[in-house]
Amino acid sequence: MIADKGEYMENSMPKAIDLAALKTGGLIKQKEKDLFVIRLRTPVGKISADELDKISNISKKHGSGMLHFTVRQGIEIQGIKFDDLQTAKDELEADGIRVGACGPRFRVVTACPGEGICPNGLSPSQEVGLSLDEEFYGEEEGLDLPHKFKVTVAGCTSCCPKPQENDVGFHGQVEPELVEDDCNGCGVCEVTCKEGSIVMDDNGLPIKDDDKCIYCGDCISSCPTDAWVKKRTGLAAYAGGRWGRHPELGKLVAEFLTAEEASALIRKSLAFYKSSGKRGERLGVTINRIGFDKFKEHVL
């Protein structure tokens, strides 16, 4: 039965179990009586085939045999009875598979495949995401926050993992520069540019409008003579995004950050959130209440 204060009393025994505490540790009560979900920790959505086999076996042994892949690249084992929870958790951890977490804390970092795999990738989003996850997940500064804190890293301006919908999100970007001596005036870059940032001048050379450029790098990848080159690369950072009942897109905080600067921005964002946030409000709500300019001043 479910007690009034969110406690679970297994088989109506007098020993009460704090469901909120279980959920924080990645053990989540299902709607069905006596059944739970174990949420696994899979940073940037990477997991080996061998690990999947082990998870599958434990799901068949202790759960319903069904796995759920969450929208944030996590895996959940469904249909586990309360009496089997600890055994399943112990077996997972013995196989090197980490249980995830929930609650008001820094959550597992998500990321797209990035430049190592995706043809459009401009940054090593997987590597950056893993580094950020290792630095902040489970660490003191990322615990006991006013609410959940989600981070993602996208490899390019297509923003597949939706950085603008996270508390702090990043996407790769590249600033193009023209080497005029290598340009043959073919105009492919003008046709390729979806933003209308590039037009050909009277001399048959492309001119870039910096106000329209979104640093996607399409001109670089499409140039047949390699006349467009990378001037600089980095990460654009957004803060304050969230989904849920009252969705709001995050605002651009900075551009062309290094991985180290992205880490520093998260660290300062967490400090701002802890000192200024009210219990139960997301970072974006705190930013709206305090002011975006004051937030930027703090983190930059």
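Values in this text are rule-based calculations from the coordinates and carry no lab data. Note that this is a predicted model, so its numbers are computed, not measured. Here the Cβ positions follow ideal geometry from the backbone for every residue, glycine too, while neighbour counts run over all protein chains shown.
In sequence order, region 32-40 has phi-based couplings of 5, 4, 6, 10, 10, 10, 9, 8, 9 Hz under the Karplus curve 6.51 cos²θ - 1.76 cosθ + 1.60, θ = phi - 60°, and Gly or Pro positions carry x.
In plain terms, the residue of Trp243, Trp228 with the fewest other Cβ atoms within 10 Å comes first and the most crowded comes last, giving Trp243, Trp228. When you filter the GluC sites (Glu not before Pro) in region 85-157 for DSSP loop state and at most 14 other Cβ atoms inside 10 Å of their Cβ, you are left with Glu139.
The region of the chain that goes longest without hitting one of the trypsin sites (Lys or Arg not before Pro) in a DSSP loop, each with at most 14 other Cβ atoms within 10 Å, is 47-193.
Legend: calculated FRET efficiency, Asn203 to Trp243, from the Cβ-Cβ distance at R0 = 41 Å, rounded to 0.05, equals 0.25. Applying the Karplus relation 6.51 cos²θ - 1.76 cosθ + 1.60 with θ = phi - 60° to region 165-171 yields 3J(HN,Hα) values of 9, 9, 4, 9, x, 10, 9 Hz, where x marks Gly and Pro.
One Cα centroid belongs to region 20-45, the other to region 251-291; the line between them spans 27 Å. Ranked by how many other Cβ atoms sit within 10 Å of their own Cβ, fewest first, the residues Val151, Val71, Val109 fall in the order Val71, Val151, Val109.
Separation of region 158-201 from region 57-78 is 40 Å, based on Cα centroids.
First check a/c for region 174-233, with a ≥ b ≥ c the square roots of the eigenvalues of its C-alpha gyration tensor; if it is under 1.5, answer rounded, and if not, answer prolate when a/b is larger than b/c or oblate otherwise. In terms of gyration-tensor shape, oblate. Summarising the label geometry, the points placed 7 Å from Cα in the beta-carbon direction at Asp182 and Lys274 lie 4.7 nm from one another.
Is it possible to state the helix-based mean residue ellipticity at 222 nm for the chain, with each DSSP H run of 4+ residues giving -39500 (n - 2.57), the sum divided by total residues, to the nearest 500 deg cm²/dmol? What is it?
Taken over the chain, the calculation gives -8500 deg cm²/dmol.
Would you give the gap between the C-alpha center of region 233-250 and the C-alpha center of region 90-133, rounded to a whole Å? Using only Cα atoms to place each centre, the spacing works out to 18 Å.
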